[in-house]
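J.: Dropping the structure in here first, questions after.
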Amino acid sequence: MAYRFAFRQPSDEEYLSLPPLVRETFEELLPTFLEHPLRSGLGYSVGQVRGHPGLWKLKLTDFPPRVFRCVYEVDGDLVRFLGFGPRPGFYGKLREANRLSPSRF
């Protein structure tokens, strides 16, 4: 099943602020990722966000672990991206903005 995707604000701005090579790499794997968003694939790994059921993280494996991270959720046939950024301080920033909370919408 192919999924659609959307960016929840401000994840769209965070995505655009990523280095161009990171964005290009992510865009290349996006079609494969959208086929199976809960499974790791070539060039990326997927896992659940600890302590937040229903939230998933994606890491690009061709980059050092602290360069790129994204958090998303799957809602029916929609993959909703909630945040993008480097690992140091990433989850703290999402918690402060209440983007990891079940009441985030």
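Readers should treat all values here as calculations from the given coordinates under stated rules, not as data from a laboratory. Everything numeric in this text was worked out from a predicted model, so none of it was measured. In this analysis, Cβ positions are derived from the backbone assuming ideal geometry, glycine residues included, and neighbour counts consider all displayed protein chains.
J.: Enumerate by residue number the trypsin sites (Lys or Arg not before Pro) in segment 20-74 meeting two conditions: DSSP loop (anything except H, G, I, E, B), and at most 13 other Cβ atoms within 10 Å of the site's Cβ. Present the calculation step by step, with values, prior to reporting the outcome.
T.: Details: sites: ARG23, ARG39, ARG50, LYS57, LYS59, ARG66, ARG69; in loops: ARG39, ARG50, ARG66.
Sites meeting the loop and neighbour criteria: ARG39, ARG50, ARG66.
J.: Same structure again: Would you please give the residues with an amide H less than 5 Å from that of VAL67, counting only those at least 5 places away or on a separate chain, with H modeled from the backbone geometry?
T.: Here ARG87 satisfy the definition.
J.: Just how large is the dipole of segment 4-96 about the Cα centre, in debye to the nearest 20, putting +1 at every Lys and Arg Cβ and -1 at every Asp and Glu Cβ?
T.: On the way: 13 positive and 12 negative charges, 97 e Å.
The calculation lands at about 460 debye.
J.: Modelled label-to-label distance, SER45 and ARG8, 7 Å Cα→beta-carbon offset: nm?
T.: Each label point is offset 7 Å from its Cα along the Cβ direction, giving 2.5 nm.
J.: Tell me, what HN-Hα J-couplings in whole Hz come from the Karplus equation 6.51 cos²θ - 1.76 cosθ + 1.60 at θ = phi - 60° for each residue of segment 8-19, using x for Gly and Pro?
T.: With coefficients 6.51, -1.76 and 1.60, one gets 8, 4, x, 5, 5, 5, 5, 4, 5, 8, 5, x Hz.
J.: If I compute P(r) over Cα pairs in 10 Å bins from 0, in percent from the structure I just sent, which labelled value in (1) 16, 50, 28, 5, 0; (2) 13, 37, 29, 17, 4; (3) 15, 54, 30, 1 lines up?
T.: (3)
J.: Would you calculate the separation in nanometres between label points at LYS93 and SER17, each defined as 7 Å from the Cα along the Cα-to-beta-carbon direction?
T.: Placing both labels 7 Å beyond Cα along the Cβ direction yields 0.5 nm.
J.: Enumerate the amide H contacts of GLY83 below 5 Å, restricted to partners 5 or more residues apart or on another chain; note that Pro and chain-start residues carry no placed amide H.
T.: Close amide H contacts, sequence-distant or interchain: VAL71.
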